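Working notes, structure below.
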Amino acid sequence: MVAAKRELSRLLIFGPPGAGKGTQAEYIAAQLRIPAISTGEMLRAAVAEGNELGQMVDSIMAKGALVDDGTMAGVVRARLVKEDARDGFLLDGYPRTRGQAETLATILQEQDIALDAVIYLDVPEDVLVDRVLARGRADDQEEVIRERIKVYERKTKPVLDFYRGDDLILSVDGNQGIDEVRQSIDALLGEST
Ligand code: AMP
């Protein structure tokens, strides 16, 4: 008998700063024809616009700290109820805390939907700083990167445990070139869909 195939339409991409989440998220979203929803991008757009949200988060982002869970809940809820996310989405950069994972579970439950998978881009900590420095974003100074990695290890990485029980995690070796990571993802999506 053929094994039941796993349909992938509601996904998270998870991994440390510098793992290449944004790049791979765009690729996966295009492949699966779902929107890539990056909370970091949404916040950077708010900062660029200078709106109320942007003014509130600007200095927090500049330090490499996390925006509070309540603010992020509002941002994510408003985005996930939009029409284009109805049949699927790939969340990039959310959830980053246990509280955010619980909020996301509630938002999905309210809509009577569930996550299909968490794509985990695994990259060893010691190569992250160099990878992020090569990217050159405004919050990419070495000290800020170190802070972001510290916050990831302390607050974000434990979020993986939240998804372990449901067997949702698909691990990818992120310590390879962009094309090799993409090929690993292709193999994974091919197996799972
Ligand atoms: P990213 O583009 O995902 O690396 O996010 C850039 C910055 O935006 C982070 O360092 C945080 O300051 C903020 N940010 C993005 N997503 C979240 C989130 N889910 N929770 C808290 N802060 C966030």
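Just a few scattered comments:
- Label point 7 Å beyond Cα of D58 along Cβ direction - residues of the range 14-51 with amide nitrogen under 16 Å: 43-51
- Around the Cα centre of the range 1-84, unit charges on the Cβ atoms of Lys, Arg, Asp and Glu (plus for the first two, minus for the last two) sum to a dipole of about 420 debye.
- Taken over the chain, lysine pairs spaced eight or more positions apart, or on distinct chains, with alpha carbons under 23 Å apart number 8.
- Packing, taken as the mean count of other beta carbons within 10 Å per residue, orders the peptides 158-169, 92-103, 61-72, 35-46 from highest to lowest as 92-103, 35-46, 61-72, 158-169.
- Amide H contacts of I169 (H built 1.01 Å from N, in plane; Pro and chain starts excluded): V118 sit under 5 Å, all sequence-distant by 5 or more or on other chains.
We did not get these values from a lab; they are worked out from the coordinates using the rules stated. Quick caveat, the model's predicted, so the values are computed rather than measured. Don't worry about glycine lacking a Cβ; one is built from the backbone with ideal geometry, like all the others, and counts go over all protein chains shown.
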